[in-house]
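A.B. asks: Below: one structure in C-alpha coordinates.
The values are calculated or read from the model by the stated rules, or taken from the named source; none is laboratory data. In this text the structure is predicted, and so the values were computed from the model without any measurement. Note that each Cβ is placed from the backbone with ideal geometry, even for glycine, and that neighbours are counted across all protein chains shown. With ligands, DNA and RNA removed, areas are computed over all heavy atoms of the protein, side chains included. Shrake-Rupley method; radii C 1.70, N 1.55, O 1.52, S 1.80 Å.
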Amino acid sequence: MKPILLQGHERAITQIKYNREGDLLFSVAKDPVANVWYSVNGERLGTYNGHTGAVWCVDCDWDTKHVLTGSADNSCRLWDCETGKQLALLETSSAVRTCGFDFSGNIIMFSTDKQMGYQCFLNFFDLRDPQQIEDNQPYHSVPCNESKITSAVWGPLGEFVIAGHESGEINQFSAKSGEILKTVKEHTKQINDIQSSVDLTMIVTASKDCTAKLFDSTSLDHIKSFKTERPVNSAAISPSMDHVVMGGGQEAMEVTTTSTRIGKFEARFFHAAYEEEFGRVKGHFGPINCVAFHPDGKSYSSGGEDGYTRIHYFDPQYFDFELEA
(Lines give C-alpha, C1' and ligand atoms only; values in the text may rest on other atoms or scores of the structure.)
Protein backbone atom coordinates (compact mmCIF):
# COMPACT_ATOMS: atom_id res chain seq x y z
CA MET A 1 0.00 0.00 0.00
CA LYS A 2 1.99 2.95 -1.27
CA PRO A 3 0.52 6.30 -0.30
CA ILE A 4 0.22 9.33 -2.56
CA LEU A 5 1.55 12.38 -0.73
CA LEU A 6 -0.22 15.68 -1.25
CA GLN A 7 1.91 18.70 -0.34
CA GLY A 8 -0.19 21.80 -0.63
CA HIS A 9 -0.35 23.27 2.85
CA GLU A 10 2.19 25.00 5.05
CA ARG A 11 0.32 24.29 8.27
CA ALA A 12 -1.56 21.45 9.95
CA ILE A 13 -4.46 19.95 8.01
CA THR A 14 -7.83 20.65 9.66
CA GLN A 15 -10.24 18.76 7.38
CA ILE A 16 -10.34 16.69 4.18
CA LYS A 17 -13.46 15.84 2.21
CA TYR A 18 -14.21 13.80 -0.91
CA ASN A 19 -16.97 14.88 -3.26
CA ARG A 20 -19.81 12.42 -3.85
CA GLU A 21 -18.22 10.69 -6.83
CA GLY A 22 -14.86 10.64 -5.10
CA ASP A 23 -12.87 11.99 -8.05
CA LEU A 24 -11.96 15.13 -6.08
CA LEU A 25 -10.49 15.57 -2.63
CA PHE A 26 -10.74 18.91 -0.84
CA SER A 27 -8.27 19.82 1.89
CA VAL A 28 -8.13 22.77 4.27
CA ALA A 29 -5.54 23.61 6.89
CA LYS A 30 -4.44 26.20 9.42
CA ASP A 31 -3.24 28.32 6.50
CA PRO A 32 -5.65 30.47 4.45
CA VAL A 33 -5.76 28.27 1.33
CA ALA A 34 -8.31 25.60 0.42
CA ASN A 35 -6.97 23.04 -2.07
CA VAL A 36 -8.71 20.62 -4.39
CA TRP A 37 -6.93 17.52 -5.74
CA TYR A 38 -7.57 14.68 -8.15
CA SER A 39 -7.91 11.71 -5.84
CA VAL A 40 -6.76 9.20 -8.49
CA ASN A 41 -3.20 10.51 -8.84
CA GLY A 42 -2.82 13.28 -6.27
CA GLU A 43 -2.50 16.06 -8.84
CA ARG A 44 -3.54 19.45 -7.54
CA LEU A 45 -6.43 20.87 -9.52
CA GLY A 46 -6.50 24.31 -7.95
CA THR A 47 -6.98 26.49 -4.90
CA TYR A 48 -9.73 28.65 -3.44
CA ASN A 49 -8.08 31.91 -2.37
CA GLY A 50 -9.68 34.59 -0.26
CA HIS A 51 -9.60 33.61 3.39
CA THR A 52 -7.26 35.51 5.70
CA GLY A 53 -7.10 33.03 8.59
CA ALA A 54 -6.94 29.32 9.35
CA VAL A 55 -9.67 27.39 7.52
CA TRP A 56 -11.43 24.98 9.87
CA CYS A 57 -13.91 23.24 7.63
CA VAL A 58 -14.82 22.45 4.04
CA ASP A 59 -17.77 20.84 2.30
CA CYS A 60 -18.84 20.15 -1.25
CA ASP A 61 -22.41 19.82 -2.48
CA TRP A 62 -24.11 16.84 -4.09
CA ASP A 63 -23.23 17.62 -7.72
CA THR A 64 -19.82 19.23 -7.03
CA LYS A 65 -20.94 22.69 -8.20
CA HIS A 66 -20.21 24.60 -5.02
CA VAL A 67 -17.68 24.46 -2.21
CA LEU A 68 -18.21 25.84 1.27
CA THR A 69 -15.40 26.83 3.65
CA GLY A 70 -15.44 28.18 7.19
CA SER A 71 -12.53 30.03 8.67
CA ALA A 72 -11.03 31.69 11.72
CA ASP A 73 -11.17 34.99 9.82
CA ASN A 74 -14.84 35.12 10.96
CA SER A 75 -16.34 34.20 7.62
CA CYS A 76 -18.01 31.37 5.76
CA ARG A 77 -17.47 31.48 2.01
CA LEU A 78 -19.21 29.86 -0.93
CA TRP A 79 -17.10 29.08 -4.00
CA ASP A 80 -17.70 27.94 -7.55
CA CYS A 81 -16.02 24.54 -7.54
CA GLU A 82 -14.90 24.63 -11.15
CA THR A 83 -13.57 28.18 -11.47
CA GLY A 84 -12.56 28.89 -7.85
CA LYS A 85 -14.56 32.11 -7.93
CA GLN A 86 -16.01 33.34 -4.63
CA LEU A 87 -19.80 33.42 -4.89
CA ALA A 88 -20.80 34.52 -1.41
CA LEU A 89 -19.20 35.83 1.75
CA LEU A 90 -21.06 35.37 5.03
CA GLU A 91 -19.43 37.31 7.83
CA THR A 92 -19.75 36.22 11.45
CA SER A 93 -18.67 37.63 14.78
CA SER A 94 -16.44 34.67 15.67
CA ALA A 95 -14.58 31.82 13.92
CA VAL A 96 -16.59 29.36 11.82
CA ARG A 97 -15.89 25.86 13.13
CA THR A 98 -18.12 23.56 11.05
CA CYS A 99 -20.03 23.91 7.80
CA GLY A 100 -22.09 21.72 5.50
CA PHE A 101 -24.50 21.50 2.58
CA ASP A 102 -27.71 19.56 3.04
CA PHE A 103 -28.50 16.77 0.57
CA SER A 104 -30.19 19.12 -1.91
CA GLY A 105 -27.28 21.57 -1.87
CA ASN A 106 -29.77 24.41 -1.35
CA ILE A 107 -29.42 24.90 2.38
CA ILE A 108 -26.16 25.38 4.24
CA MET A 109 -25.47 25.28 7.94
CA PHE A 110 -22.43 26.50 9.83
CA SER A 111 -21.56 26.96 13.47
CA THR A 112 -19.53 29.74 15.01
CA ASP A 113 -17.22 29.55 18.01
CA LYS A 114 -17.83 30.82 21.49
CA GLN A 115 -15.06 33.38 21.81
CA MET A 116 -14.39 37.04 22.56
CA GLY A 117 -17.67 37.37 24.43
CA TYR A 118 -19.71 36.02 21.52
CA GLN A 119 -21.98 33.04 21.84
CA CYS A 120 -21.82 29.86 19.77
CA PHE A 121 -24.48 29.93 17.05
CA LEU A 122 -25.71 27.37 14.53
CA ASN A 123 -26.77 29.28 11.40
CA PHE A 124 -28.96 28.11 8.52
CA PHE A 125 -29.00 29.87 5.14
CA ASP A 126 -31.13 29.09 2.10
CA LEU A 127 -28.95 29.67 -0.97
CA ARG A 128 -32.04 29.98 -3.21
CA ASP A 129 -32.87 33.27 -1.49
CA PRO A 130 -30.25 35.88 -2.53
CA GLN A 131 -31.71 38.32 0.01
CA GLN A 132 -30.51 36.18 2.93
CA ILE A 133 -26.97 36.19 1.53
CA GLU A 134 -27.03 39.92 0.76
CA ASP A 135 -28.32 40.92 4.19
CA ASN A 136 -26.18 38.24 5.86
CA GLN A 137 -29.39 37.23 7.65
CA PRO A 138 -29.78 33.46 8.24
CA TYR A 139 -33.36 32.17 8.25
CA HIS A 140 -32.44 30.44 11.52
CA SER A 141 -29.77 31.22 14.06
CA VAL A 142 -29.79 28.86 17.01
CA PRO A 143 -27.78 29.88 20.08
CA CYS A 144 -25.96 27.12 21.99
CA ASN A 145 -25.61 28.37 25.52
CA GLU A 146 -24.09 25.45 27.37
CA SER A 147 -21.12 24.23 25.37
CA LYS A 148 -19.92 25.14 21.91
CA ILE A 149 -20.38 22.99 18.81
CA THR A 150 -17.12 21.34 17.76
CA SER A 151 -18.42 19.23 14.87
CA ALA A 152 -21.67 18.91 12.94
CA VAL A 153 -23.18 16.98 10.01
CA TRP A 154 -26.55 16.98 8.26
CA GLY A 155 -28.89 14.13 9.11
CA PRO A 156 -30.70 12.11 6.43
CA LEU A 157 -33.13 14.02 4.17
CA GLY A 158 -31.85 17.37 5.46
CA GLU A 159 -34.41 17.47 8.27
CA PHE A 160 -31.95 18.12 11.07
CA VAL A 161 -28.30 18.71 11.89
CA ILE A 162 -26.43 16.40 14.26
CA ALA A 163 -23.99 18.43 16.33
CA GLY A 164 -21.27 17.32 18.74
CA HIS A 165 -20.30 19.61 21.57
CA GLU A 166 -17.28 20.43 23.68
CA SER A 167 -18.96 18.71 26.65
CA GLY A 168 -19.28 15.39 24.78
CA GLU A 169 -22.99 15.88 24.18
CA ILE A 170 -24.66 15.14 20.82
CA ASN A 171 -27.76 17.09 19.77
CA GLN A 172 -30.15 17.01 16.84
CA PHE A 173 -31.22 20.50 15.76
CA SER A 174 -34.28 20.76 13.52
CA ALA A 175 -33.49 22.65 10.31
CA LYS A 176 -37.05 23.96 10.15
CA SER A 177 -37.67 25.19 13.68
CA GLY A 178 -34.15 25.27 15.13
CA GLU A 179 -35.25 23.43 18.26
CA ILE A 180 -33.34 20.53 19.82
CA LEU A 181 -35.04 17.26 18.85
CA LYS A 182 -32.82 14.78 20.69
CA THR A 183 -29.85 14.80 23.05
CA VAL A 184 -27.49 12.01 24.07
CA LYS A 185 -24.32 12.08 26.09
CA GLU A 186 -22.23 8.95 25.58
CA HIS A 187 -18.83 10.67 25.49
CA THR A 188 -17.16 12.12 28.58
CA LYS A 189 -14.98 14.66 26.75
CA GLN A 190 -15.06 16.90 23.69
CA ILE A 191 -16.26 15.47 20.38
CA ASN A 192 -13.61 16.19 17.75
CA ASP A 193 -15.32 14.89 14.66
CA ILE A 194 -18.61 13.48 13.36
CA GLN A 195 -18.93 11.71 10.00
CA SER A 196 -21.89 10.01 8.35
CA SER A 197 -22.04 6.66 6.64
CA VAL A 198 -22.54 6.82 2.88
CA ASP A 199 -26.32 6.19 3.17
CA LEU A 200 -26.58 8.68 6.09
CA THR A 201 -28.19 6.09 8.40
CA MET A 202 -25.28 6.03 10.87
CA ILE A 203 -22.77 8.49 12.26
CA VAL A 204 -19.41 7.87 13.87
CA THR A 205 -18.14 10.27 16.52
CA ALA A 206 -14.50 10.74 17.49
CA SER A 207 -13.77 12.08 20.94
CA LYS A 208 -11.00 13.31 23.19
CA ASP A 209 -12.04 10.60 25.69
CA CYS A 210 -10.03 8.11 23.54
CA THR A 211 -13.08 6.44 21.97
CA ALA A 212 -15.02 6.53 18.73
CA LYS A 213 -18.68 5.55 18.83
CA LEU A 214 -21.24 4.52 16.25
CA PHE A 215 -24.77 5.94 16.49
CA ASP A 216 -28.00 5.61 14.56
CA SER A 217 -28.44 9.04 12.98
CA THR A 218 -32.22 9.28 13.39
CA SER A 219 -32.76 7.82 16.86
CA LEU A 220 -29.23 8.61 18.17
CA ASP A 221 -29.13 5.08 19.64
CA HIS A 222 -25.59 4.15 20.63
CA ILE A 223 -24.60 1.07 18.58
CA LYS A 224 -20.86 0.38 19.02
CA SER A 225 -17.73 1.70 20.76
CA PHE A 226 -14.11 1.59 19.62
CA LYS A 227 -11.51 2.19 22.34
CA THR A 228 -7.90 3.37 22.03
CA GLU A 229 -5.26 4.81 24.37
CA ARG A 230 -5.07 8.22 22.72
CA PRO A 231 -7.50 11.00 21.92
CA VAL A 232 -9.31 10.28 18.65
CA ASN A 233 -9.28 13.27 16.31
CA SER A 234 -11.29 11.78 13.49
CA ALA A 235 -13.14 8.64 12.45
CA ALA A 236 -14.81 7.52 9.22
CA ILE A 237 -17.12 4.67 8.19
CA SER A 238 -16.21 2.54 5.18
CA PRO A 239 -18.87 2.63 2.46
CA SER A 240 -18.22 -0.93 1.29
CA MET A 241 -16.89 -2.92 4.28
CA ASP A 242 -17.89 -3.13 7.94
CA HIS A 243 -14.85 -1.09 8.87
CA VAL A 244 -14.14 2.11 10.74
CA VAL A 245 -10.86 4.01 10.39
CA MET A 246 -9.66 6.27 13.18
CA GLY A 247 -6.91 8.84 13.35
CA GLY A 248 -5.57 10.39 16.51
CA GLY A 249 -2.61 11.03 18.72
CA GLN A 250 -2.03 13.68 21.31
CA GLU A 251 -2.41 17.27 20.28
CA ALA A 252 0.92 18.90 19.60
CA MET A 253 0.46 21.38 22.41
CA GLU A 254 -0.26 18.64 24.94
CA VAL A 255 2.84 16.57 24.26
CA THR A 256 5.33 16.96 27.10
CA THR A 257 7.85 14.27 26.22
CA THR A 258 8.49 12.88 22.77
CA SER A 259 7.89 9.18 22.56
CA THR A 260 10.82 7.03 21.44
CA ARG A 261 8.48 5.27 19.02
CA ILE A 262 8.14 8.10 16.55
CA GLY A 263 5.46 6.34 14.52
CA LYS A 264 2.79 6.51 17.20
CA PHE A 265 0.64 8.31 14.70
CA GLU A 266 -1.08 5.49 12.91
CA ALA A 267 -4.47 5.25 11.33
CA ARG A 268 -6.25 2.39 13.04
CA PHE A 269 -8.78 0.10 11.44
CA PHE A 270 -11.55 -1.43 13.52
CA HIS A 271 -14.20 -3.93 12.56
CA ALA A 272 -17.53 -2.12 12.94
CA ALA A 273 -19.45 -5.16 14.19
CA TYR A 274 -16.91 -6.87 16.46
CA GLU A 275 -15.30 -3.64 17.77
CA GLU A 276 -11.88 -5.28 17.23
CA GLU A 277 -8.82 -3.52 15.89
CA PHE A 278 -7.37 -5.43 12.93
CA GLY A 279 -4.85 -3.13 11.29
CA ARG A 280 -2.76 0.02 11.46
CA VAL A 281 -1.22 2.25 8.84
CA LYS A 282 1.83 4.33 9.73
CA GLY A 283 2.97 7.41 7.93
CA HIS A 284 2.33 10.80 9.48
CA PHE A 285 4.96 12.70 11.46
CA GLY A 286 2.44 14.01 13.91
CA PRO A 287 -1.14 13.42 15.03
CA ILE A 288 -3.69 12.57 12.34
CA ASN A 289 -6.30 15.33 12.37
CA CYS A 290 -8.77 13.92 9.88
CA VAL A 291 -9.54 10.76 7.96
CA ALA A 292 -11.95 10.11 5.09
CA PHE A 293 -12.95 7.08 3.06
CA HIS A 294 -13.26 7.29 -0.71
CA PRO A 295 -16.96 6.82 -1.62
CA ASP A 296 -16.14 3.54 -3.39
CA GLY A 297 -14.32 2.16 -0.32
CA LYS A 298 -11.19 1.27 -2.28
CA SER A 299 -8.98 3.93 -0.71
CA TYR A 300 -8.86 6.29 2.22
CA SER A 301 -7.08 9.54 2.97
CA SER A 302 -5.66 11.09 6.10
CA GLY A 303 -4.54 14.63 6.90
CA GLY A 304 -2.02 15.28 9.64
CA GLU A 305 -0.53 17.88 11.91
CA ASP A 306 2.52 17.65 9.62
CA GLY A 307 0.59 19.44 6.83
CA TYR A 308 0.54 16.42 4.53
CA THR A 309 -2.49 14.67 3.12
CA ARG A 310 -1.91 11.03 2.26
CA ILE A 311 -4.12 8.98 -0.07
CA HIS A 312 -3.84 5.23 0.52
CA TYR A 313 -5.17 2.74 -2.02
CA PHE A 314 -5.93 -0.61 -0.41
CA ASP A 315 -4.19 -3.79 -1.51
CA PRO A 316 -6.37 -6.63 -2.86
CA GLN A 317 -5.78 -8.59 0.39
CA TYR A 318 -7.76 -5.95 2.28
CA PHE A 319 -10.98 -6.86 0.47
CA ASP A 320 -10.58 -10.59 1.12
CA PHE A 321 -9.86 -10.05 4.79
CA GLU A 322 -12.22 -11.79 7.21
CA LEU A 323 -11.97 -11.15 10.93
CA GLU A 324 -12.07 -14.40 12.92
CA ALA A 325 -14.68 -13.82 15.58
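A.B. asks: Hey, among the residues in region 6-31 that are over 20 Å from Phe285 (Cβ atoms) and among the acidic types (Asp, Glu), which one's most open to solvent (accessible area, probe 1.4 Å)?
C.D. replies: The selected residue is Glu21.
A.B. asks: Do any residues in region 174-193 that are modelled with pLDDT of 85 or more have Cβ atoms under 7 Å from those of residues that are in a strand (DSSP E or B) and open to solvent by 80 Å² or more (accessible area, probe 1.4 Å), where the two are at least six apart or on different chains, and which pairs are they?
C.D. replies: Ser174/Leu181
A.B. asks: Hey, can you tell me all the residues within region 135-153 that are of a type outside the set (S, T, N, Q), part of a loop (DSSP other than H, G, I, E, B) and surrounded by 14 or more Cβ atoms within 10 Å (Cβ to Cβ)?
C.D. replies: Listed by number, the residues that qualify are Pro138, Tyr139, Lys148.
A.B. asks: Looking at region 185-217 only, could you name the residues that are hydroxyl-bearing (Ser, Thr, Tyr), open to solvent by 40 Å² or more (accessible area, probe 1.4 Å) and within 20 Å of Val291 (Cα to Cα)?
C.D. replies: Initially, region 185-217 is screened for residues hydroxyl-bearing (Ser, Thr, Tyr), giving 188, 196-197, 201, 205, 207, 211, 217.
From what's left, open to solvent by 40 Å² or more (accessible area, probe 1.4 Å): 188, 201.
Within region 185-217, just Thr201 meets the criteria.
A.B. asks: Can you pull out every residue in region 74-133 that is in a loop (DSSP other than H, G, I, E, B) and closer than 21 Å to Ser196 by Cα?
C.D. replies: Within region 74-133, the first condition is being in a loop (DSSP other than H, G, I, E, B), and the residues that meet it are 74, 81-85, 92-95, 102-106, 113-114, 116-117, 119, 127-129.
Across region 74-133, the qualifying residues are Asp102, Phe103, Ser104, Gly105, Asn106.
A.B. asks: If a residue must be in a loop (DSSP other than H, G, I, E, B), free of Cβ contacts under 8 Å to residues at least 60 places away in the same chain and either more than 15 Å from Leu78 (Cα to Cα) or aliphatic (A, V, I, L, M) (or both), how many such residues does region 30-51 contain?
C.D. replies: Taking region 30-51 first, the residues in a loop (DSSP other than H, G, I, E, B) are 30-33, 39-43, 49-51.
Imposing the further condition that a residue be free of Cβ contacts under 8 Å to residues at least 60 places away in the same chain reduces the set to 30-33, 40-41, 43, 49-51.
When the remaining residues are screened for being either more than 15 Å from Leu78 (Cα to Cα) or aliphatic (A, V, I, L, M) (or both), the result is 30-31, 33, 40-41, 43.
Residues that pass the stated criteria total 6.
A.B. asks: If you don't mind, another one. Which one of the conditions (1) surrounded by fewer than 18 Cβ atoms within 10 Å (Cβ to Cβ); (2) assigned to a loop (DSSP other than H, G, I, E, B) does Lys182 fail to meet, given that it meets all the rest?
C.D. replies: Of the numbered conditions (1) surrounded by fewer than 18 Cβ atoms within 10 Å (Cβ to Cβ); (2) assigned to a loop (DSSP other than H, G, I, E, B), the odd one out for Lys182 is (2).
A.B. asks: Could you list, in sequence order, the residues of region 218-232 that are open to solvent by 20 Å² or more (accessible area, probe 1.4 Å) and under 14 Å from Gly248 (Cα atoms)?
C.D. replies: Lys227, Thr228, Glu229, Arg230, Pro231
A.B. asks: Is it true that Trp56 is part of a strand (DSSP E or B), open to solvent by 40 Å² or more (accessible area, probe 1.4 Å), closer than 23 Å to Tyr308 by Cα and of a type in the set (Phe, Trp, Tyr)?
C.D. replies: When the stated conditions are applied, Trp56 passes them.
A.B. asks: Can you work out which of the residues in region 250-287 that are surrounded by 19 or more Cβ atoms within 10 Å (Cβ to Cβ), touching a Gly at 6+ places or on another chain (Cβ under 7 Å) and over 19 Å from Ser196 (Cα atoms) is modelled with the highest pLDDT?
C.D. replies: The extreme case among them is Pro287.
A.B. asks: Next up: Residue by residue through region 297-325, note down the ones that are in contact with a Gly (Cβ under 6 Å, 6 or more places away or on another chain) and either open to solvent by 10 Å² or more (accessible area, probe 1.4 Å) or modelled with pLDDT under 85 (or both).
C.D. replies: Listed by number, the residues that qualify are Glu305, Asp306, Arg310.
A.B. asks: Just to be sure before I move on: is Ala54 within 19 Å of Cys290 (Cα to Cα) and in contact with a His (Cβ under 6 Å, 6 or more places away or on another chain) in the structure I sent?
C.D. replies: Judged against the criteria, Ala54 is not a match.
A.B. asks: Here's something else I'd like to know. Among all residue pairs at least 6 apart or on different chains, which show Cβ distances below 9 Å where the first residue, located in region 272-285, is without any contact (Cβ under 8 Å) to a residue 40 or more places away in the chain and the second is surrounded by fewer than 14 Cβ atoms within 10 Å (Cβ to Cβ)?
C.D. replies: Listed by first residue and then by second, the contacts come to Lys282/Gly263; His284/Gly263; Phe285/Ile262; Phe285/Gly263.
A.B. asks: Give region 59-73 a look and list any residue that's among the acidic types (Asp, Glu) and surrounded by fewer than 22 Cβ atoms within 10 Å (Cβ to Cβ), or say none.
C.D. replies: Asp63, Asp73 - these are the residues of region 59-73 that are among the acidic types (Asp, Glu) and surrounded by fewer than 22 Cβ atoms within 10 Å (Cβ to Cβ).
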